[in-house]
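A short worksheet on the structure shown next.
The values are calculated or read from the model by the stated rules, or taken from the named source; none is laboratory data. The structure presented is a predicted model; accordingly, all values stated were derived computationally and were not measured. When we count neighbours, we look across all protein chains shown, and the Cβ atoms used for this are built from the backbone with ideal geometry, even at glycine. All accessible areas refer to the heavy atoms of the entire protein, side chains included, with ligands and DNA or RNA removed. Shrake-Rupley method; radii C 1.70, N 1.55, O 1.52, S 1.80 Å.
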Amino acid sequence: MATVKQTLGDLDKESFITLLRKLIGESKYVQNNPPELIPEEDRIVNHVLDNLLPYSTTTGGGPLVINHVTYKPKRGNLIVEYPGTQPGNILSFVGMHMDVVTANPCDWDFDPFSLSIDGDKLRGRGTTDCLGHVALVAELMRRLGETKPQLKSTVVAVFIASEENSSIPGVGVDALVKDGLLDKLKQGPLFWIDTADKQPCIGTGGSIPWKLHVTGKLFHSGLAHKAVNPLELAMEALKEIQSRFYRDFPAHPKEQVYEFATPSTMKPTQWFYPGGGINQIPAECTVSGDVRLTPFYSVSDAMKKLQEYVDDINANIDKLDCRGPVSKYVLPDENLRGRITISFDEASSGVACDLNSRGFHVLCKATEEEVGHVKPYSITGTLPLIRDLQDEGFDVQTCGYGLMATYHAKNEYCLLSDMCQGYRVFASVISQLEDRYEV
């Protein structure tokens with residue numbers, strides 16, 4: 001009798017590329033950047049359905065149970081189930097999202113919105129993130145429906161809408177969880193297929209976008225003693241805020257266990273001021289940036305601390321370092337003080353995967369078997385949806401088979417050979433989880 005791995009075999013490259021070509025051909029219409037660009041994920045759904053319906057209960061051609069779930073017009077999710085024989089035994093592949101980040105064809109060396117092939121490279125927007133994974137898991141489910149192996153475990157694939165931008169809520173996995181449509185996936189490991197480089201990603205960072213608005217006093221630069229320079233105040237205040245942040249949120253011991261590339265960071269990324277002549281000290285400026293927080297610290301605690309830093313600096317602004325003999329942040333004769341305020345955009349928490357779970361162990365073993373080595377890693381990039389799933393009680397593990405170097409980048413591509421290895425990893429995971437039920 002053939003094993004599960006033998007039955008599933010290798011990735012059908014021709015079928016995979018045919019489907020991926022159709023998906024990348026839709027990538028222009030699934031760019032996610034509201035309000036200008038609102039994706040129509042059903043364009044992707046329709047191609048996946050064309051691939052899977054012949055093997056579904058919908059047509060009577062096979063065992064796949066397909067549920068197309070839509071909360072907004074043209075913005076569907078797709079849940080595909082291959083039923084097992086033992087109730088409660090389940091594993092799932094989730095997170096293959098059908099939207100993409102934007103691409104400007106003028107910046108690319110090739111057309112981002114059509115698939116092109118250069119040797120092993122499969123090029124186009126979405127090949128790495130994440131239409132390549134959509135096609136890969138769709139091919140896995142097609143093979144299950146075609147070969148009909150008798151599995152004890154139910155295998156579920158969840159293709160989701162609206163991952164790249166959360167400004168329009170209630171469209172994707174958040175709505176599916178709210179409606180209880182994924183509840184049964186809590187009974188087994190959930191593999192989130194939206195990272196890169198073929199290794200288990202076991203930790204991600206939280207994100208706190210912040211804006212520091214600084215108010216001074218506008219004056220001629222030749223009379224600097226009559227001004228409060230908001231640019232100098234911003235630089236000194238930010239330096240003090242960063243010093244306090246790194247004191248209160250140092251490298252955590254667990255970051256070494258999880259192989260985080262960096263500890264928590266707090267830094268500026270943008271600078272704005274309202275304009276004016278070069279001989280004019282402006283009245284205000286705004287510095288923006290983010291905190292990337294490893295999951296061993298609380299996002300709410302970090303936000304509270306940042307606000308405390310700002311309040312203390314304002315109360316003691318006359319003690320803040322100045323820049324030069326006439327630089328100052330208080331003008332007593334005018335009863336005027338410089339001031340800083342901090343505000344936050346939507347924050348999200350990081351995640352540390354359970355390193356003791358069955359899902360983690362089978363993913364590591366499958367990776368070692370098929371890729372040749374296993375080296376789990378963590379980054380302070382943010383995947384907010386998986387923290388929400390973990391908080392809901394799901395055993396979330398993450399992996400992906402695109403390239404981190406081309407993630408959200410121009411000239412995006414993935415490697416066909418990597419996708420082939422990814423398919424074999426999935427087959428190994430299914431096989432291992434079957435073996436645990438053998439008596």
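A few notes on this one:
- The lone criterion from (1) in a loop (DSSP other than H, G, I, E, B); (2) free of Cβ contacts under 8 Å to residues at least 24 places away in the same chain; (3) among the charged types (D, E, K, R) left unmet by Asp318 is number (1).
- The selection criterion, being in the same structural domain as Ser166 (by the TED database), touching a strand residue (DSSP E or B) at 6+ places or on another chain (Cβ under 7 Å) and without any contact (Cβ under 8 Å) to a residue 40 or more places away in the chain, holds for Asp42.
- Against the numbered list (1) farther than 23 Å from Asp183 by Cβ; (2) open to solvent by less than 10 Å² (accessible area, probe 1.4 Å); (3) in contact with a helix residue (DSSP H, G or I) (Cβ under 6 Å, 6 or more places away or on another chain), Leu91 comes up short only at (1).
- Exclusive hit being modelled with pLDDT under 95 and of a type in the set (Val, Ile, Thr), set Val326, Val396, Val371: Val326
- The set of residues in region 329-367 that are surrounded by fewer than 19 Cβ atoms within 10 Å (Cβ to Cβ), in contact (Cβ under 8 Å) with a residue 24 or more places away in the chain, over 25 Å from Tyr309 (Cβ atoms) and among the polar types (S, T, N, Q) contains only Ser357.
- Any chance Glu370 is farther than 30 Å from Ala283 by Cα, in a helix (DSSP H, G or I) and open to solvent by 30 Å² or more (accessible area, probe 1.4 Å): yes
- Tally, over region 1-19, of residues that are of a type outside the set (A, V, I, L, M), under 19 Å from Val155 (Cβ atoms) and loosely packed, with under 15 Cβ neighbours inside 10 Å: 4
- If you go through region 196-217 and pick out every residue that is open to solvent by 10 Å² or more (accessible area, probe 1.4 Å) and more than 24 Å from Ile241 (Cα to Cα), you end up with 3.
- Qualifying residue in region 123-132 (condition: in contact with a helix residue (DSSP H, G or I) (Cβ under 7 Å, 6 or more places away or on another chain) and either among the hydrophobic types (A, V, I, L, M, F, W, C) or over 25 Å from Asn51 (Cα atoms) (or both)): yes
- Residue in region 169-185 that is surrounded by the fewest Cβ atoms within 10 Å (Cβ to Cβ), counting only those that are more than 18 Å from Pro384 (Cα to Cα) and touching a strand residue (DSSP E or B) at 6+ places or on another chain (Cβ under 9 Å): Asp179
- Selection of region 376-394 for residues being in contact with a helix residue (DSSP H, G or I) (Cβ under 9 Å, 6 or more places away or on another chain) and open to solvent by 40 Å² or more (accessible area, probe 1.4 Å) yields Ile379, Asp388, Glu392, Gly393.
- Selected residue (criterion: nearest to the chain's Cα centre (by Cα)) from residues of region 289-298 that are not hydroxyl-bearing (Ser, Thr, Tyr) and not in a strand (DSSP E or B): Pro295
- Given (1) open to solvent by 30 Å² or more (accessible area, probe 1.4 Å); (2) at pLDDT 95 or above; (3) in a loop (DSSP other than H, G, I, E, B), index of the condition Gly60 fails: (2)
- Checking each residue in region 223-235 for being open to solvent by less than 20 Å² (accessible area, probe 1.4 Å), in contact with a Leu (Cβ under 8 Å, 6 or more places away or on another chain) and assigned to a helix (DSSP H, G or I) picks out Leu233, Ala234.
- In the set Lys305, Lys254, only one residue is closer than 30 Å to Leu331 by Cα and in contact (Cβ under 8 Å) with a residue 24 or more places away in the chain; that residue is Lys305.
- Whichever residue in region 258-288 is surrounded by fewer than 17 Cβ atoms within 10 Å (Cβ to Cβ) and among the polar types (S, T, N, Q) and, among such residues, is nearest to the chain's Cα centre (by Cα): Thr262
- Note on region 293-328: residues that are polar (S, T, N, Q) and surrounded by fewer than 13 Cβ atoms within 10 Å (Cβ to Cβ) amount to 2.
- Test: residue in region 411-420 that is surrounded by fewer than 24 Cβ atoms within 10 Å (Cβ to Cβ), in a loop (DSSP other than H, G, I, E, B) and out of contact with any helix residue (DSSP H, G or I) (no Cβ under 8 Å at 6 or more places or on another chain): yes
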